Amino acid sequence: DTAVSQTPKYLVTQMGNDKSIKCEQNLGHDTMYWYKQDSKKFLKIMFSYNNKELIINETVPNRFSPKSPDKAHLNLHINSLELGDSAVYFCASSPEVGQGIYTEAFFGQGTRLTVV
Amino acid sequence: GDSVTQMEGPVTLSEEAFLTINCTYTATGYPSLFWYVQYPGEGLQLLLKATKADDKGSNKGFEATYRKETTSFHLEKGSVQVSDSAVYFCALSDRRASKIIFGSGTRLSIRP
């Protein structure tokens, strides 16, 4: 059973299109994240959700809109895609072990987005 | 804010060589520290972790010790293999901000 799964694995689309990436975790974790990895492998957090509530929005353009229908899902919708959005997007989850303390994050396999 | 600095790569070693990848951090409070590994075309996997000062994390022959006095968490392995070729990320959990912060990654290549 895959712990954190995201779909699709690859996404090639034209500039200006709108696309979504889905993420599901079956670990029962309270917190889910979206990270962006650029071509130099640098990982930057985009969003963090705890129990369906947005906790972190790291100055991401408002073309990116996360949606968490329940604790196990965190989807990422991107409007009006731009060339600079090309990257690998990772979904992750982590359990809260108490009093706002989080342990390690478990990552999905990533979605390679290519905007042409 | 909290941050992680790790040595720049790429690092190229011969098989059976000794490996050290340096990592230092800046944090208020007492973060948990992690090393993640990313093999080509894959997601990130947790390699090891340490949750308090002087803890040693270990896995698959890799080790790292949480040094509060030097704010470091260096990754070591006594004898690397070709299969260890990957990108290694040092990270910390920022408890106040509810996120994990990553270093810039170090690409490791092992020659047979």
(request) Count, please, the residues in segment A:52-83 that happen to be assigned to a loop (DSSP other than H, G, I, E, B) and either closer than 17 Å to A:THR7 by Cα or at pLDDT 95 or above (or both). (result) 6
(message) Can you pull out every residue in segment A:32-49 that is touching a Lys or Arg at 6+ places or on another chain (Cβ under 9 Å) and in a strand (DSSP E or B)?
(response) A:MET32, A:TYR33, A:TYR35, A:LYS36, A:GLN37, A:LEU43, A:LYS44, A:ILE45, A:MET46, A:SER48, A:TYR49
(message) Just the residues that are touching a residue at least 40 places away in the same chain (Cβ under 8 Å) and of a type in the set (Gly, Ala, Ser), please, taken from segment B:30-45.
(response) B:SER32
(message) Within segment A:8-26, take every residue that is farther than 14 Å from A:ASN75 by Cβ and within 13 Å of chain B (Cβ to nearest Cβ) and give me the one that is surrounded by the fewest Cβ atoms within 10 Å (Cβ to Cβ).
(response) A:TYR10
(message) One residue is enough: does segment B:29-39 have a residue meeting the conditions surrounded by fewer than 16 Cβ atoms within 10 Å (Cβ to Cβ) and in a strand (DSSP E or B)?
(response) no
(message) Taking the condition of being surrounded by 15 or more Cβ atoms within 10 Å (Cβ to Cβ) and of a type in the set (D, E, K, R), how many residues in segment B:40-54 meet it?
(response) 1
(message) Can you pull out every residue in segment B:60-74 that is under 14 Å from B:GLN45 (Cβ atoms) and surrounded by 14 or more Cβ atoms within 10 Å (Cβ to Cβ)?
(response) B:PHE62
(request) Answer yes if at least one residue in segment A:40-50 is farther than 22 Å from B:ASP94 by Cα and either at the interface with another protein chain (Cβ under 9 Å from one of its Cβ atoms) or surrounded by 14 or more Cβ atoms within 10 Å (Cβ to Cβ) (or both), and no otherwise. (result) yes
(message) Are there strands (runs of 3 or more DSSP E) fully within segment B:46-107 with at least 1 residues that are within 11 Å of B:LEU33 (Cβ to Cβ) and touching a residue at least 60 places away in the same chain (Cβ under 8 Å)? List them.
(response) B:86-94, B:99-102
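The values are calculated or read from the model by the stated rules, or taken from the named source; none is laboratory data. Worth saying up front: this structure is predicted, and the values here are computed from it rather than measured. Backbone-built Cβ (ideal geometry, glycine too); neighbour counts: all protein chains shown.
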